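Asks: First the structure, then my questions, so here it is.
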Amino acid sequence: MNFRSLVFFILFLYLATSAAAQRRNGTGLWQTLDGNAPLVIARGGFSGLFADSSSGAYQIAGMVSLPNLIVWCDVQLTKDAVGVCFPHLNLQNGSNIASVYPNESSTYRVNGVPTEGWFSSDFTLNDLSNIFLTQQIFSRPPNFDGNAWPVLTIDDLVNIFAPPALTPGLWLNIEHDAFFSQHNLSMRSFVLSVLKTTPVDYISSPEVNFLKGLLARKPVTTKLVFRFLGQNEIEQSTNQTHGSLIRNLTFIKTFASAILVPKNYILPVDAQLYLLPSTSVVLDAHKAGLQVFASDFANDNVFAYDYSYDPLAEYLSFIDNGNFSVDGVLSDFPITPSAAIDCFSHVGKNVSGQAKPLIISNGGSSGDYPAFTDKAYAKAITDGANIIDCQVQMTNDGVPICLSSVNLIDSTNVVQSSFTNLTSSIPELQIVDGIFTFSLTWSQIQTLSPAISNPESKYFLYRNPKAKNDGKFMALSDFLALANNATTVSGVMIIVENAAYLAEGQGLDVTNAVLDTLKNSSYTKTKANKVMIQSSNSSFLIKMKDVSSYERVYRVDENIRDADNSTILEIQNFADALVINKQSVFPELKLFLTSMSDVVQKLQAFKFPVYVEIFRNEFPSQAWDFFSDATVEINTYVTSAGIDGVITDFPLTAARYKKNKCLGLGSKTPNYMSPVQPGSLLQLITPDLMPPAEAPYGILDEADVAEPPLPPVTTKPTTSGTNNGSTTAAAAPGHQPNRGQPKAVGCVFISSMALLLAIVSLF
């Protein structure tokens, strides 16, 4: 364990900057009870990643948080009356005790409910020395369990932090005084003995009588905190619900100096997980002279849709909303509230922020509205996108429109429309069972409803359900008109794929359609308006070079670890910038960063700006190293890798990052705004729990970028459709047997894939 602790210290030493250790927000700005900045309380340490209440979790919490961090210990008593830190009365969830003592479970009544498990009151401290702590939440990585972190006593916890470098405050939480009393154990006696030798900043409990019993004998510096549980739960000594006690704060003040409440006591949500108006709990408590701490914060938990899956935004709503500020937050991920308090609070709306990274939208604000709709674009503009994008698709009547995919099933309700008889497969596009934009006219597509994307739906994470079908589709001409009127937008990114197939297989000239639309748009009449043309097809970009002066962006659509110099020189012949994916910058192994490639620096050495895709707020989209925090991820890509731009579904998160107060501080950069070190977490995994090795990414070579010239546009066959949805499958483009195209599915039944997507769209 000493060796493992040393490893932790070495790996995160880069975070401990002495100058930043003293950096604090001044008083006067905060609407807390005492006017000081809110506190961060690390529940069980950094329990969002490591085993709750383990030495590793506490160490990391101390190293990545504000210098006045408070560490939280849920106190349980052993059979020999020793207090240990463990998150539950039942030791089964969070340790390997069931495998060490398989026949020693018990059944007791806990809060009136018969509960079977392994309870601390049945085991001595020596018994518990044989077990180790494990990750208790299945959605979090179990890979660190091989460190065999032991159960800690209060003394063990205090001794983890070696003063003066790391000296966090201590918070003891007492949940089950009545239970231990039934087992002839006195939690009151134990706590009073601790207070004689150990400075304890806060003691919380949901039991009124327990706190009253400590009131006369506690040190002056120790604050007692009444912990509120669910509003319908009964507090046994008063026989009142917690919901009624919150309305009698003058009574709480007689024995406590602070309250700890679930966050929904302050900012409640409705049944659909949307925010309701804030309550008066904080203001009422402050009026009564009580500090207010809010609990239940976790970056990987489900919270209100209003926050767009951004945990930092949630913290800011509790500490910097203009009306009140809680006095502290209890979090499984203390790095995020630390940054919220010290870097992102009280930043003026008119702050311009740093120039980099360029913020490029991905379908507008597609994390909040259906991609490429007027509402998604409007929010992207408001949220601070520098560049808004249009991925061009072609309709049957030759209109270039903005849509995320040539397959309408991906982004519309087409499977619920009268066009389901147009379902077909196109091997050239690697699409099975699709309904395609070029099978419908623009007016027909406008009769459909857009559908919001849910890239993390397999984790039951859905985007803004209230707006899942909001917005209107936009033609490229409409998009350019919108961009022309958006004074805060500095450019547009027009994305074109499948130009060769459209020309040869569908008789559609997307190249000239885009060029003609740009030429006829008022947007291009202003020289200050920037136009970027992106494609993963070098043949299309070569064609664009021949006929236009727009900035060309080559998208590398595969993971790479390097690129040949000769390949980069070849790309210079047809592109001015590149788009690469996140894994090409920071390679991953089962969501653990392994290293940082030099791809970005190499491309930049050839004078290429490098834009990286796709940044999303949902925590499953991020490597574990980023602590389930989109801001930590962006900061690492910008600060360590030096990328020139981010392509994101959530422009607001990236725009807010550029304005934070902790940028440009050099050696004074605080630990919570330092980039993560790729590979550091992997080094903390024991060999038996190491993810299986994977083949390294490839090297981009000339064969990857070379393509034959675009084929000429074939004569488009005559169709017999109308604008009322009566186009037949046989007449739709792409179904001509003599051109070797796939046959249409001449059946009104929806394919299994289409049916599945239709069901998903209902959520």
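Asks: Would you call residue 306 assigned to a helix (DSSP H, G or I) and surrounded by fewer than 24 Cβ atoms within 10 Å (Cβ to Cβ)?
Replies: Yes, satisfied.
Asks: Output the number of the condition that residue 648 fails; it satisfies all remaining conditions of (1) under 21 Å from residue 316 (Cβ atoms); (2) modelled with pLDDT under 95; (3) of a type in the set (S, T, N, Q).
Replies: Tallying (1) under 21 Å from residue 316 (Cβ atoms); (2) modelled with pLDDT under 95; (3) of a type in the set (S, T, N, Q), residue 648 fails exactly one: (2).
Asks: When you look at residue 198, is it open to solvent by 20 Å² or more (accessible area, probe 1.4 Å) and among the hydroxyl-bearing types (Ser, Thr, Tyr), yes or no? Steps first, answer last, please.
Replies: Values: open to solvent by 20 Å² or more (accessible area, probe 1.4 Å): no; among the hydroxyl-bearing types (Ser, Thr, Tyr): yes.
No.
Asks: Here's something else I'd like to know. Considering each residue of the range 203-226, count those that are touching a residue at least 40 places away in the same chain (Cβ under 8 Å) and open to solvent by less than 20 Å² (accessible area, probe 1.4 Å), and give that number.
Replies: In the first step, residues of the range 203-226 are kept if they are touching a residue at least 40 places away in the same chain (Cβ under 8 Å); the result is 204, 208, 211-212, 215, 223, 225.
Restricting the remaining residues to those that are open to solvent by less than 20 Å² (accessible area, probe 1.4 Å) gives 204, 208, 211, 225.
Result for the range 203-226: 4.
Asks: Can you find a residue that is more than 30 Å from residue 406 (Cβ to Cβ), open to solvent by 30 Å² or more (accessible area, probe 1.4 Å) and outside any helix (DSSP H, G or I) anywhere in the range 357-368? Spell out how you get there, then give the answer.
Replies: Here is the first cut: in the range 357-368, the ones more than 30 Å from residue 406 (Cβ to Cβ) are none.
Within the range 357-368 (the criterion being more than 30 Å from residue 406 (Cβ to Cβ), open to solvent by 30 Å² or more (accessible area, probe 1.4 Å) and outside any helix (DSSP H, G or I)), the answer is no, since none of the residues qualifies.
Asks: From the list 320, 284, 270, 296, which one is more than 30 Å from residue 651 (Cα to Cα), open to solvent by 20 Å² or more (accessible area, probe 1.4 Å), of a type in the set (D, E, K, R) and modelled with pLDDT of 95 or more? Spell out how you get there, then give the answer.
Replies: On the way: 320 fails: more than 30 Å from residue 651 (Cα to Cα); 270 fails: more than 30 Å from residue 651 (Cα to Cα); 296 fails: more than 30 Å from residue 651 (Cα to Cα).
Criteria check complete, one pass: 284.
Asks: Exactly one of these conditions fails for residue 465: (1) modelled with pLDDT under 95; (2) surrounded by fewer than 21 Cβ atoms within 10 Å (Cβ to Cβ). Give me its number.
Replies: (1)
Asks: Oh, and also: Out of 65, 47, 53, which single residue is at positive phi, in contact (Cβ under 8 Å) with a residue 40 or more places away in the chain and not in a strand (DSSP E or B)?
Replies: Values: 65 fails: at positive phi; 47 fails: at positive phi.
Residue meeting the stated conditions: 53.
Asks: Here are 156, 80: which of them is closer than 16 Å to residue 170 by Cα, in contact (Cβ under 8 Å) with a residue 40 or more places away in the chain and of a type in the set (D, E, K, R)?
Replies: Details: 80 fails: closer than 16 Å to residue 170 by Cα.
The match here is 156.
Asks: From the list 559, 520, 573, pick out the single residue that is open to solvent by 40 Å² or more (accessible area, probe 1.4 Å), free of Cβ contacts under 8 Å to residues at least 40 places away in the same chain and of a type in the set (S, T, N, Q). Write out each step before concluding.
Replies: On the way: 559 fails: free of Cβ contacts under 8 Å to residues at least 40 places away in the same chain; 520 fails: free of Cβ contacts under 8 Å to residues at least 40 places away in the same chain.
Just a single option satisfies the conditions, and that option is 573.
Asks: Taking only the range 639-669 into account, find how many residues are in a helix (DSSP H, G or I), open to solvent by 10 Å² or more (accessible area, probe 1.4 Å) and in contact with a Phe, Trp or Tyr (Cβ under 8 Å, 6 or more places away or on another chain). Steps first, please.
Replies: First pass over the range 639-669, keeping only residues in a helix (DSSP H, G or I): 639, 651-658, 666-668.
In the following step, the residues that additionally are open to solvent by 10 Å² or more (accessible area, probe 1.4 Å) were identified as 639, 652, 655-656, 658, 666-668.
Imposing the further condition that a residue be in contact with a Phe, Trp or Tyr (Cβ under 8 Å, 6 or more places away or on another chain) reduces the set to 656.
Selection size over the range 639-669: 1.
Asks: Oh, and also: Among the residues of the range 439-462 satisfying the criterion of being in contact with a strand residue (DSSP E or B) (Cβ under 7 Å, 6 or more places away or on another chain) and small (Gly, Ala, Ser), which is surrounded by the most Cβ atoms within 10 Å (Cβ to Cβ)?
Replies: Taking the candidates together, the pick is 451.
Asks: Let me ask you something else. Residue 99 fails exactly one of the following numbered conditions: (1) part of a helix (DSSP H, G or I); (2) open to solvent by 10 Å² or more (accessible area, probe 1.4 Å); (3) closer than 26 Å to residue 200 by Cβ. What is the number of that condition?
Replies: Just one mismatch for residue 99, condition (3).
Asks: In addition: Using the structure shown, decide if residue 672 is of a type in the set (Ser, Thr, Tyr), surrounded by 15 or more Cβ atoms within 10 Å (Cβ to Cβ), within 21 Å of residue 334 (Cα to Cα) and in contact with an Asp or Glu (Cβ under 9 Å, 6 or more places away or on another chain).
Replies: Numbers: of a type in the set (Ser, Thr, Tyr): yes; surrounded by 15 or more Cβ atoms within 10 Å (Cβ to Cβ): yes; within 21 Å of residue 334 (Cα to Cα): yes; in contact with an Asp or Glu (Cβ under 9 Å, 6 or more places away or on another chain): yes.
The answer is yes for residue 672.
The values are calculated or read from the model by the stated rules, or taken from the named source; none is laboratory data. Keep in mind it's a predicted model, so treat the numbers as computed, not measured. In this analysis, Cβ positions are derived from the backbone assuming ideal geometry, glycine residues included, and neighbour counts consider all displayed protein chains. SASA here: full protein model, heavy atoms, side chains in, ligands and nucleic acids out. Shrake-Rupley method; radii C 1.70, N 1.55, O 1.52, S 1.80 Å.
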